[in-house]
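This report refers to the structure that appears directly beneath it.
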Amino acid sequence: MTKKAPLIIFDGIDGSGKSTQATLLKERIKDTHAVHFTREPGGTPLSEKVRDIFSSPEGVQASARTQFFLLTASHSHWLEEVALPNLKEGTPVISERGDSSLFAYQLMTRGHHEMEDLFWDIRNQLFGEYRPTLYLIYDVSPVEAKRRVNTDMARSRSLFDMEPIEFYEKARNGFKLFAEKLPDEAVIIDGSRDPKIIHEEVYALVSKLCGW
Ligand code: ADP
C-alpha cells in the first residue's frame with residue numbers, strides 16, 4: 001500500500017516569504033524528490049480563472065461572504081483535480097496559500113466571525129481524510145511585509161497590495177489564530193530572518209514529513 005503523502009500549506013500575509021521559500025525548496029529538491037507545487041486559488045485552469053475573478057475589481061469589492069463561496073468553489077475543484085490525485089498516488093503536495101488564507105482574510109480580517117462553524121464544517125467535508133498535514137505560517141511584521149511588497153519590482157501587482165497596514169495587521173492576527181486552532185498541524189515560522197536560514201528550518205520540517 002502506498003504511504004499517505006503529506007499535504008503542506010505555505011501561508012502568511014503578502015510579503016511574508018511564501019513564494020521565496022517555495023522557490024528555494026523547489027530548487028533544492030528538483031533532481032532528487034517528486035513534489036507537486038501548487039497554489040490557491042489556482043493550480044487548475046478553472047481555479048486560475050477564479051483567481052483572476054477574485055483579483056479583479058469586482059472580486060475585490062465583493063462581500064467577504066461572496067468571496068468565501070467563490071474561493072471555496074475553487075478550493076473544491078483544486079482538491080479534486082490537483083491535491084487528491086497527487087496525494088492518492090503518493091506524491092507530496094505543497095501549496096502557496098490554502099484554507100488558512102480563507103480563515104485569516106474572509107473570516108478574521110473582513111470580520112465574518114459568525115462563519116467560523118461553517119468554515120470548519122466545509123473544511124471537514126472537502127478534505128475528508130486528506131486534511132493538510134502541516135501549515136507553515138510565515139510571520140513578519142506588517143511594516144516589513146509592506147516594505148517588501150512595495151520594493152519587489154518583479155512582483156505582479158494586485159489590488160490587495162494597496163490594502164492599508166491595518167489590513168495586514170488583522171490578517172497576521174488571523175493567521176496566528178488559525179495556528180492556535182490547529183496546534184498539532186500549524187507552525188509559525190519567523191519570516192524576518194535571512195531567507196536561507198528560514199529555508200533550513202523549512203527543509204528540516206518538510207523532509208521529515210516526506211520521509212527523505
Ligand atoms: P509572498 O509570496 O509571501 O508574498 P515573497 O516570497 O514574494 O512573499 O517575498 C516578497 C519580497 O520579499 C520579495 O522581494 C522577496 O525577495 C523578499 N523576501 C522574501 N523573504 C525575505 C526575507 N526572509 N528577508 C528579506 N526579504 C525577503
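Summary of computed values
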quantity	calculated
Simple spin-label estimate for Lys30 and Ser141 in nanometres, 7 Å along Cα-Cβ	3.5 nm
Overall Cα dimensions of segment 69-212 - principal axes, largest extent first, Å	40, 39, 29
Debye equation applied to the C-alpha atoms of segment 68-118, log10 I(q)/I(0) at 0.14, 0.32 Å⁻¹	-0.43, -1.19
The chain - mean residue ellipticity at 222 nm from DSSP helices (-39,500 (n - 2.57) per run, n ≥ 4, rounded to 500)	-15000 deg cm²/dmol
Amide H partners (placed H, <5 Å) of Ile9, local residues excluded	Ser95, Leu134, Tyr135, Leu136
Calculated on alpha-carbon atoms, Rg and Dmax of segment 1-138 in Å	15.0, 47
Relative pair counts by distance (%), Cα atoms of segment 166-212, 10 Å bins	23, 40, 33, 4, 0
Cα-based equivalent ellipsoid of segment 128-212: semi-axis lengths in Å, sorted from largest, via gyration tensor	26, 17, 12
DSSP-assigned coil residues among trypsin sites (Lys or Arg not before Pro) in segment 125-205, each with at most 14 further Cβ atoms within 10 Å	Arg155, Arg157, Arg193
For segment 8-55, convex hull volume per residue from C-alpha positions, Å³	86 Å³
Chain lengthening between Ser207 and Asp52 when straightened (0.36 nm per residue, less Cα-Cα)	52.5 nm
Surface share of carbon and sulfur [accessible, 1.4 angstrom probe, percent] for the chain	54 percent
Cα gyration tensor shape of segment 93-156, rounded if a/c is under 1.5, else prolate or oblate by comparing a/b with b/c	oblate
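The values are calculated or read from the model by the stated rules, or taken from the named source; none is laboratory data. Note that the structure is a prediction, hence the values are computed from the model and not measured. Cβ sites come from the backbone with ideal geometry, for glycine too, and all protein chains shown count toward neighbours. What goes into the accessible areas is simple: the full protein's heavy atoms, side chains included, and nothing from ligands, DNA or RNA. Shrake-Rupley method; radii C 1.70, N 1.55, O 1.52, S 1.80 Å.
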